[in-house]
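Scroll down for the structure; my scribbles are underneath it.
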Amino acid sequence: MAVDVAIARPELLQVAEAVAREKMIEREEVLEAMEQAMSKAGRAKYGQEKDIRATIDRRNGEVRLSRWTEIVDQEPVENEDTQIPLRIALKFKPDAEVGGHIVDPLPPIDFGRIAAQTAKQVIVQRVREVERKKQFDEYKDRVGEIINGVVKRTEYGNLMVDLGRAEALLRRDETIPREAFRNGDRVRAYIYDVREEQRGPQIFLSRTHPGFLAKLFAQEVPEIYDGIIEIKAVARDPGSRAKMAVISRDSSIDPVGACVGMRGSRVQAVVAELQGEKIDIIPWSNDMPTFIVNSLAPAEVTKVVLDDEGRRVEVVVPDDQLSLAIGRRGQNVRLASQLTRYDVDILTEAEESERRQEDFRKRSGLFVEGLDVDDVIAGLLVTEGFSSLEEIVEIEDEELANIEGFDENVAAELKRRAQASLERRDNELDEKRREMGVDDKVGEVGGFTPAMMVSLGEKGVKTLDDLGDLAADELIEILGADSVDEETANAIIMAARQRAGWFGPEEQARAEEEAAAAAAEAAALAEEMPGDEMAEGEVAGDEMLDGETTDDAGADDAEPVGDEAAATGTVEGEAEGEENGDARA
């Protein structure tokens with residue numbers, strides 16, 4: 001074994017202390033970087049495959065270089081450069097045990113130019129890694145804060161901002177349009193992300209983030225800082241316009257007025273920082289229709305139709321308010337959509353009225369053709385909220401008979417005609433399916449309705465093999481997302497493959513269970529589907545429900561005629577029915 005040799009180098013401790021102060025990191029981390037550099041230089045001299053380690057005494061700077069060899073209980077060893085058998089290790093170290101090490105001191109190395117340069121690179125790299133780790137640890141919990149910095153340099157339009165002990169990146173697309181910064185300019189920005197990266201920036205700034213506007217108001221409005229007023233949502237078109245929804249936890253404080261300030265002093269301070277960006281401050285409401293109306297200010301809103309499931313909303317405005325509601329290049333409605341997180345569609349009162357009338361005519365036509373009734377009775381059904389023949393079949397007789405102008409006999413006749421019309425439609429679709437050559441087994445395995453079978457046939461899905469070849473998204477596209485979900489589609493496809501003989505006995509049994517469950521679920525979904533509209537020219541019921549005109553001036557009190565009217569399904573008072581029908585439409 002080599003003789004223990006150590007060289008005292010107190011200047012190493014002085015250098016480590018100076019570097020630690022300059023980089024604001026721990027002296028221990030600098031010394032560890034020096035040890036790594038010396039270890040690398042030692043391996044370059046004694047062999048890269050050997051475990052060479054350098055240590056620096058923390059008191060006097062004494063440097064020791066040594067070779068470490070692991071003690072193992074196997075012979076021969078896997079790696080002769082780093083391992084030694086226990087039998088041999090006991091000759092050099094009587095208390096040697098498996099898992100320990102034999103440490104052989106090595107003579108110090110003379111750092112040549114190349115070795116010194118290598119050591120320097122290792123130290124610099126290690127110190128940089130420690131410095132970056134310290135920056136990350138310091139700023140990782142400051143995401144969401146506003147910070148001040150100085151523009152250090154510009155790289156491809158992106159700004160490198162000096163934060164004092166760290167450097168951050170302010171990308172070009174995170175700056176407000178038309179604002180320009182030069183080297184040395186002070187900049188205030190929002191920390192929106194901190195990522196631990198091996199190279200490049202780790203701290204990312206923004207002046208367009210909605211959080212920047214919210215934090216600026218928190219600095220200007222004490223009530224926000226104290227939590228009395230809460231900013232619920234922010235939407236921005238940076239440099240142009242913004243909307244901010246606020247709510248007060250104290251009923252005596254007006255949240256909008258507090259944010260605006262005396263003569264607009266508070267909001268103007270924020271506007272100045274955002275390069276003149278106009279800010280609409282609106283009250284937050286838990287009632288979504290009310291909040292949507294507020295978000296479209298300054299436009300007036302007549303009506304709101306909300307679809308919570310689809311996250312869509314239709315807003316009706318007066319004709320002269322349309323351009324104001326939409327805003328320049330759609331800005332107002334776009335910001336309202338971002339603020340409420342709903343897709344907002346704007347309609348004028350005239351457009352909404354026209355659409356409502358068209359929908360009324362469309363549904364009335366469905367009942368005129370499907371039930372073989374006149375426009376008055378069809379209009380009454382639409383006015384009462386019916387939209388499909390299935391709804392008429394499923395409603396209770398008593399509820400249908402309670403409609404003004406109807407009685408039990410009329411209700412029964414309407415339900416009979418609706419049922420007959422649906423059966424004819426299904427028969428026609430089934431006949432069309434057979435003409436297409438769609439196998440009956442396809443319907444059995446999926447529990448498909450005749451309309452679904454025709455849709456499959458039109459897409460070339462006619463056999464179990466064709467159905468089994470489909471992917472779930474393809475089946476959903478053919479039948480519609482309202483008819484089948486992904487889980488059911490997968491089960492139907494697997495059941496089709498099983499019925500087609502694609503699997504072995506065990507897989508067959510498991511697939512049969514899945515097929516039964518899929519068929520039951522598909523049938524349940526089919527029952528919930530709204531009825532298809534009647535095909536044009538489709539044959540209607542055998543009997544007529546004609547309205548007979550009466551000249552009686554007291555038509556307001558007209559009642560259905562007795563047994564004769566019930567038998568033929570006629571209803572007197574057509575003039576009244578037309579008047580009522582038009583009014584309800």
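The values are calculated or read from the model by the stated rules, or taken from the named source; none is laboratory data. From a predicted model like this one, the values you see are computed outputs, not experimental measurements. Every residue, glycine as well, gets a Cβ built from its backbone with ideal geometry; the counts of neighbours run over all protein chains shown.
So residue 29 passes all but one of these: (1) surrounded by fewer than 18 Cβ atoms within 10 Å (Cβ to Cβ); (2) under 18 Å from residue 130 (Cβ atoms); (3) not hydrophobic (A, V, I, L, M, F, W, C). Which condition number does it fail?
(1)
Considering only residues that are basic (Lys, Arg) and surrounded by fewer than 17 Cβ atoms within 10 Å (Cβ to Cβ), look in the stretch 51-79 and name the one that is nearest to residue 102 (Cα to Cα).
So the residue we want is 58.
Mind checking which residues of the stretch 214-256 are more than 25 Å from residue 175 (Cβ to Cβ), of a type outside the set (A, V, I, L, M) and not in a strand (DSSP E or B)?
222, 223, 225, 226, 227, 249, 250, 251, 252, 254, 255
Just give me the residues in the stretch 443-484 being on the phi < 0 side of the Ramachandran plot, surrounded by 18 or more Cβ atoms within 10 Å (Cβ to Cβ) and in a loop (DSSP other than H, G, I, E, B), in sequence order.
Once the filter is applied, which keeps residues that are on the phi < 0 side of the Ramachandran plot, surrounded by 18 or more Cβ atoms within 10 Å (Cβ to Cβ) and in a loop (DSSP other than H, G, I, E, B), the stretch 443-484 yields 448, 449, 461, 470, 483, 484.
Within the stretch 282-294, is there a residue that is touching a Leu at 6+ places or on another chain (Cβ under 7 Å), surrounded by fewer than 20 Cβ atoms within 10 Å (Cβ to Cβ) and farther than 19 Å from residue 220 by Cβ?
Yes, the stretch 282-294 has at least one match.
Does residue 398 qualify as being within 40 Å of the chain's Cα centre (by Cα), more than 23 Å from residue 369 (Cα to Cα) and assigned to a helix (DSSP H, G or I)?
no
Failed condition for residue 199, given (1) under 30 Å from residue 65 (Cα atoms); (2) part of a loop (DSSP other than H, G, I, E, B), with all others met?
With respect to (1) under 30 Å from residue 65 (Cα atoms); (2) part of a loop (DSSP other than H, G, I, E, B), residue 199 is out only on (1).
Take residues that are within 30 Å of residue 405 (Cβ to Cβ), among the β-branched types (Val, Ile, Thr) and touching a helix residue (DSSP H, G or I) at 6+ places or on another chain (Cβ under 8 Å) and tell me which of the helices (runs of 4 or more DSSP H) falling wholly in the stretch 320-389 contain 2 or more.
Ranges flagged: 375-383.
Residue 180 - would you say it is at pLDDT below 95 and assigned to a loop (DSSP other than H, G, I, E, B)?
When the stated conditions are applied, residue 180 passes them.
Just checking, does the stretch 307-329 include any residue being under 27 Å from the mean Cα position of the chain (by Cα), under 22 Å from residue 176 (Cα atoms) and of a type outside the set (Gly, Ala, Ser)?
Yes: one or more hits.
Can you name the residue in the stretch 331-348 that is surrounded by 16 or more Cβ atoms within 10 Å (Cβ to Cβ) and in contact with an Asp or Glu (Cβ under 7 Å, 6 or more places away or on another chain) and, of all such residues, is farthest from residue 234 (Cα to Cα)?
Restricting to residues being surrounded by 16 or more Cβ atoms within 10 Å (Cβ to Cβ) and in contact with an Asp or Glu (Cβ under 7 Å, 6 or more places away or on another chain), the top hit is 348.
State whether one or more residues within the stretch 419-436 are outside any helix (DSSP H, G or I) and touching a helix residue (DSSP H, G or I) at 6+ places or on another chain (Cβ under 7 Å).
No; the residues of the stretch 419-436 include none that is outside any helix (DSSP H, G or I) and touching a helix residue (DSSP H, G or I) at 6+ places or on another chain (Cβ under 7 Å).
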